[in-house]
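Asker: Encoded as structure tokens, here's the structure I'll be asking about.
No lab work stands behind these numbers, since they all come straight from the coordinates. Keep in mind that this is a model prediction, so the values were computed, not measured. Reconstructed Cβ throughout: ideal geometry from the backbone, glycine too, with neighbour counts over all protein chains shown.
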Amino acid sequence: MDFISMSLVTLNQPTGFWESILNAFKGANGTYILAVILIALIVRVLFSLVDIVNKKVTMKNTDINAKMKPELEAIQKKYGHDQRLVQQKTSEVYKKYQFNMMGSCLPMLVAMVLQLVVFMTLWSSLQSVANYNIVEKYENMKNIYANVIALNEEENPQNTLIKDAITAAGDDVVVDVDFNLDDKKFNVYVSDGQSETAERFEIEMVENWTNESIYNLLEKYVIVPEEQTPSEGGEETPEVTPSAYISNGYNQIFKKIAEDVAEEYYLNSQEGFLWIKNVYKPDSPTSPLFTKAEIKNYLSRYYTEDEKTLEKDNDFEGKIFDNVVTAGIGQKNLGHNGYYILTIVAVLSSFLSLWLSNKLMQGKNGSANKQSRMMYFIMPIIFGIFTFSYTSLFAVYIIVVQLVMIALTPLTTLVVRKWIEADAKRKKEKDVIEVDYRRKDK
């Protein structure tokens with residue numbers, strides 16, 4: 001498990017209902033993408049059972065409405081001048097066909113409420129999981145970077161040995177670093193670029209970094225203070241505060257190593273899917289790398305009031321980001337995170353699933369369920385907005401749900417039709433069959 005830094009904030013992994021299920025599935029299969037696909041399959045299969053009941057009521061009411069329509073039109077034409085009489089006659093027709101307006105709408109309302117609750121809560125949970133993983137990755141990068149820069153410090157005797165080895169290697173010095181995040185240790189290798197062997201130094205990682213201590217380290221060994229120029233008008237030049245920056249060759253060496261290992265960690269820990277490089281961001285032609293604004297926004301949710309004030313006054317996070325991420329990762333080489341493919345597929349699959357369901361639910365007289373036709377456009381647009389704007393994890397969930405729905409719709413429709421036919425057959429047998437028990441004379 002990756003070690004979690006303590007940089008100004010203590011990160012807490014989301015522990016809600018869906019978050020717990022997602023983390024459990026991820027622990028079993030290793031990726032959030034597979035966890036999302038499993039949840040989508042389970043949710044859609046369970047909702048198919050609800051759909052069967054909902055479709056039965058809808059299809060039955062569609063046929064009843066088709067049978068009642070001529071009689072209701074006749075009533076309106078004959079008694080249209082008297083609304084009280086129209087209502088009375090209409091109620092008689094409803095009673096004749098055993099049609100209950102409330103009973104016909106209730107299953108649909110229950111299904112819609114359940115799906116809306118699952119949709120919104122799961123969307124919120126997936127966004128929370130995405131935000132947490134982005135922040136966790138960034139916090140680990142900060143600590144990796146700071147641990148390498150800290151090799152400039154003289155307090156640790158081993159750091160002096162590393163510098164001596166670098167000096168002995170000469171101009172062709174080669175320095176490499178590898179991390180073991182599980183053991184919270186890393187190794188530094190120094191060679192002259194020609195020998196097959198290298199000196200190895202094992203370093204204990206520092207875990208108690210804060211944003212302030214990281215920034216102080218950067219200011220001392222990385223950030224070059226700007227030179228102050230004389231003021232205009234011949235006035236006395238303001239006093240220049242001596243800088244703590246130590247200008248020597250070690251700074252650039254460790255700065256370059258720190259940038260390399262932070263970038264290597266980012267690339268190796270990236271979770272992608274097919275063409276998408278970072279599943280925690282939308283499938284769009286933007287960079288897969290998180291931005292400074294995103295990081296500051298996400299982390300601010302963890303700050304106490306005192307920490308918010310400290311960050312507002314000093315902007316430690318922004319300055320650290322500039323060194324660790326902006327200067328350390330070649331963003332041009334990262335390419336695009338995606339190409340809106342998930343958004344397009346989500347819109348098309350949503351339209352297809354609605355069209356297919358409506359087509360198969362036509363009554364015997366061929367009349368379609370007109371109430372769902374407006375959903376041809378409403379639901380695809382909603383899904384398009386969510387997949388366009390938020391984490392790719394949720395886009396994958398929407399697509400899998402729609403594909404499973406398309407696959408199951410013919411089966412659920414067949415089950416509903418058989419159910420309705422069985423009910424009609426039982427009703428006909430009950431109403432028509434009459435048994436004559438009278439004794440016949442011979």
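Asker: Between residue 92 and residue 418, what length in nm is gained on full extension when 0.36 nm per residue of separation is reduced by their alpha carbon distance?
Answerer: Between residue 92 and residue 418, full extension yields an extra 114.5 nm.
Asker: Something else about it: Using R₀ = 35 Å, calculate the FRET efficiency as 1/(1 + (r/R₀)^6) where r is the Cβ-Cβ separation of residue 113 and residue 81; round to 0.05.
Answerer: 0.30
Asker: Could you give the length gained by full extension between residue 374 and residue 67, i.e. 0.36 nm per residue of separation minus their alpha carbon distance, to one decimal place?
Answerer: 108.1 nm
Asker: Out of 116, 303, 18, whose Cα points farthest toward the positive end of the dipole of the chain (charges: +1 Lys, Arg; -1 Asp, Glu; placed on Cβ)?
Answerer: The Cα lying farthest towards the positive end belongs to 116.
Asker: Suppose the chain between residue 274 and residue 31 were pulled fully straight at 0.36 nm per residue; how much longer would it get relative to their current alpha carbon spacing?
Answerer: Value of the extension gain: 86.2 nm.
Asker: Residue 156 to residue 15: FRET efficiency via 1/(1 + (r/R0)^6), r the Cβ-Cβ distance, R0 35 Å, to the nearest 0.05?
Answerer: 0.40
Asker: Arrange 48, 125 by Cβ neighbour counts within 10 Å, fewest through most, would you?
Answerer: 48, 125
Asker: Right, another one. As a footprinting exposure proxy, order 189, 215, 397 by other Cβ within 10 Å, with the fewest listed first.
Answerer: Listing 189, 215, 397 from fewest to most nearby Cβ atoms yields 189, 215, 397.
Asker: So, one more: Report the charge-dipole magnitude of the chain in Debye, nearest 20, computed about the Cα centre from +1 at each Lys and Arg Cβ and -1 at each Asp and Glu Cβ.
Answerer: 6780
Asker: Which pairs, out of 26/319; 185/256; 184/220, put more than 26 Å between their alpha-carbon atoms?
Answerer: 26/319
Asker: Place a label point 7 angstrom from the Cα of residue 322 along the Cα-to-Cβ direction, then list the residues of segment 268-296 whose backbone nitrogen is under 15 Å away.
Answerer: Zone members listed by number: 292-293.
Asker: Give the calculated FRET efficiency between residue 286 and residue 136 to the nearest 0.05, with a Förster radius of 35 Å applied to their Cβ-Cβ distance.
Answerer: Once the sixth-power term is evaluated, E becomes 0.95.
Asker: Hey, fewest Cβ within 10 Å first, where do 329, 420 land in order?
Answerer: The order, fewest Cβ neighbours first, is 420, 329.
Asker: Also: Normalised by the empirical 2.2 N^0.38 Å for globular proteins, what value does the Cα Rg of segment 81-199 take?
Answerer: 2.68
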